[in-house]
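Step one of this worksheet: look at the structure below.
The values are calculated or read from the model by the stated rules, or taken from the named source; none is laboratory data. None of the values given here were measured: they were computed from a predicted structure. Counting neighbours? That spans all protein chains shown, and the Cβs are built from the backbone with ideal geometry, glycine included. Keep in mind that these areas ignore ligands, DNA and RNA; they rest on the heavy atoms of the full protein, side chains included. Shrake-Rupley method; radii C 1.70, N 1.55, O 1.52, S 1.80 Å.
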Amino acid sequence: MNLTEVLPIVTVVSAVLITLMILLQSRGATLGAGFGSSGELFTTRRGLEKNLYETTIVIAVIFVLSIVVNLIIS
C-alpha cells in the first residue's frame, strides 16, 4: 500500500474515533452554565475518565498530523 492510499483512511478513522471519544466524555456542565451562570466545579480526572481524555488527545494529534502530511505530499 502506498502512503497516499493510507492517509485518507487514517484521517477518516481518526475523525470517527475522535467524535466518539468526545461524545463519551461526560462533562459536569449544567444548563445554567450555558447561559453565563458561574456554577463552576473543578474535579480531578481519575481512572477511565483520565484514560479517555488522554486517548482523545492522542487521536486528535494523529488526526491533525494525517491532514498536515496529506497536504504536504499532495
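Picking from residues in region 33-53 that are in a helix (DSSP H, G or I) and loosely packed, with under 11 Cβ neighbours inside 10 Å, the one that is modelled with the highest pLDDT is L48. Condition check for S14 on (1) surrounded by 14 or more Cβ atoms within 10 Å (Cβ to Cβ); (2) at pLDDT below 95; (3) small (G, A, S); (4) in contact with a helix residue (DSSP H, G or I) (Cβ under 8 Å, 6 or more places away or on another chain): one failure, at (2). In region 46-59, the residues that are under 10 Å from I18 (Cβ atoms) form Cβ pairs under 7 Å with partners that are assigned to a helix (DSSP H, G or I), at six or more places apart or across chains, as follows: T55/M21; T56/I18; T56/M21; T56/I22; I59/S14; I59/L17; I59/I18; I59/M21.
Give the residues of region 65-74 that are of a type in the set (A, V, I, L, M) and open to solvent by less than 80 Å² (accessible area, probe 1.4 Å), sorted by residue number. Those that are of a type in the set (A, V, I, L, M) and open to solvent by less than 80 Å² (accessible area, probe 1.4 Å): I67, V68, V69, I73.
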